[in-house]
Amino acid sequence: MKILVPVKRVVDANVKVRPKADESGVDLANLKMAMNPFDEIAVEEAVRLKENGAATEVVVVSCGSSASQETLRTALSVGADRAILVDCGETELQPLAVAKLLKAVCVEEAPKLVIAGKQAIDDDANQVGQMLAALQGWPQAAFASKVEIVGDGAKVTREVDGGLEILEVSLPAVVTADLRLNEPRYAKLPDVMKAKKKPLDTKTPADLGVDIAPRLKTLKVSEPPKRQGGGKVADVADLVNKLKNEAKVI
């Protein structure tokens, strides 16, 4: 069984981002970049399934600029077998465009399972996995906290408000990884060196026949307003008065 894992290059989770001076977007100049944390979890789960004998090959794919090769090499160093870069230059990629690119890759690679991070920490869209499943006509199981391959299907456990929900889907399918699915491993130095020799293919959206032109336009990116300090009230009557006449919430 082949597993396909999409990965995204994002600003490191520990870095504080700021909007550009003209508020046209986020200033990425000189910021540390890394693999999206949820994608790290997806890669780890795919590698574990391979180590357990449930999968035979793990292929990682990234859609973005040529700098995403670094992210792909990171995935290769922790156990992925091959990598595919869909080089989109500096074009802004929106979830639907990414889903269409991944659909085209799925047609070529024919994976039995796609494991993706549930969302990227830069746009928090949480849409690509669901869109890919819809475009492919595949079953989907989002926000997985446990994945088991059972026969020709997969049993996926997910956390819901009332406890745990177990879904059974037939393969091929799309699964999106939640935070508690696993703990990603650290790449060892010998594996990092071996990753440099693993195959990394480069394609373009034109090669895949996909139009990636943005459908949405970002009008403004700004920081949230500063929080105002609280105040003290003398008694309950004063509290009710402020809620009613100042905050106007009652």
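The values are calculated or read from the model by the stated rules, or taken from the named source; none is laboratory data. Small disclaimer: the values here were computed from a predicted structure and weren't measured. Backbone-built Cβ (ideal geometry, glycine too); neighbour counts: all protein chains shown. Each accessible area value is taken on the protein alone, full model and side chains, heavy atoms only, with ligands, DNA and RNA left out. Shrake-Rupley method; radii C 1.70, N 1.55, O 1.52, S 1.80 Å.
Computed quantities for the displayed model
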item: Answer residue from the stretch 155-180, given it is under 15 Å from GLY117 (Cβ atoms) and in contact with a Ser or Thr (Cβ under 7 Å, 6 or more places away or on another chain) and is surrounded by the fewest Cβ atoms within 10 Å (Cβ to Cβ) among those; result: ARG180
item: Given (1) open to solvent by less than 50 Å² (accessible area, probe 1.4 Å); (2) in a strand (DSSP E or B); (3) under 21 Å from ASP124 (Cα atoms); (4) not aromatic (Phe, Trp, Tyr), index of the condition ALA213 fails; result: (2)
item: Check on ALA142, assigned to a loop (DSSP other than H, G, I, E, B) and open to solvent by less than 60 Å² (accessible area, probe 1.4 Å); result: no
item: Residue tally, condition open to solvent by 70 Å² or more (accessible area, probe 1.4 Å), over 18 Å from the mean Cα position of the chain (by Cα) and closer than 21 Å to LEU93 by Cβ, over the stretch 5-21; result: 1
item: Sole exception among (1) under 30 Å from GLU165 (Cβ atoms); (2) open to solvent by less than 80 Å² (accessible area, probe 1.4 Å) for GLU183, by number; result: (2)
item: Residue, modelled with the lowest pLDDT, within the stretch 223-250, restricted to residues that are open to solvent by 80 Å² or more (accessible area, probe 1.4 Å) and polar (S, T, N, Q); result: GLN228
item: Candidate set from the stretch 73-102 (those that are among the polar types (S, T, N, Q) and within 16 Å of the chain's Cα centre (by Cα)); member that is most open to solvent (accessible area, probe 1.4 Å); result: THR74
item: Test: SER77 is closer than 20 Å to PRO214 by Cα and of a type in the set (S, T, N, Q); result: no
item: Search result, residues across the stretch 114-126 that are assigned to a strand (DSSP E or B) and either open to solvent by 30 Å² or more (accessible area, probe 1.4 Å) or out of contact with any Lys or Arg (no Cβ under 8 Å at 6 or more places or on another chain) (or both); result: VAL114, ILE115, ALA116
item: Residue count for the stretch 63-105, restricted to those that are part of a helix (DSSP H, G or I) and closer than 28 Å to LYS217 by Cα; result: 14
